[in-house]
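Coordinate-derived values only; no laboratory data. Everything quoted here is computed from the prediction, not taken from an experiment.
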Amino acid sequence: MRRLSTVASIGHRIRAARMAAEMTQLQLANRLGLSRSQIANLEGGRGDPSLNTFVAIARVLKADPTGLLEPVNCEQCGDLPPPGFQCLSCNAKNTGLPVHIDAEEER
């Protein structure tokens, strides 16, 4: 089961929300007044957004900010899609139910 850093998992969920909203990185960037490369960096876990940028991203994508922050593992593959969005790894629809993570497995 793949584990992502907090920043990478938030970026992964931002990407999933953007794709669910059927927006390109460039479209999202233009709506936010950012560059496409800034969006790519956020989605790739190579930067963390300011609180204002994070809230703006959630607003533009019509996504629940807590859903973008809260790690919920896909029941099928264990990846970290946002609740209610399709998993990017296995294409399963995520029900939003947390999957228990064993403390030993985290190490």
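Relative to the current alpha-carbon distance between residue 36 and residue 52, full extension at 0.36 nm per residue lengthens the span by 4.0 nm.
Length gained on full extension, residue 21 to residue 66: 14.5 nm, using 0.36 nm per residue less the C-alpha separation.
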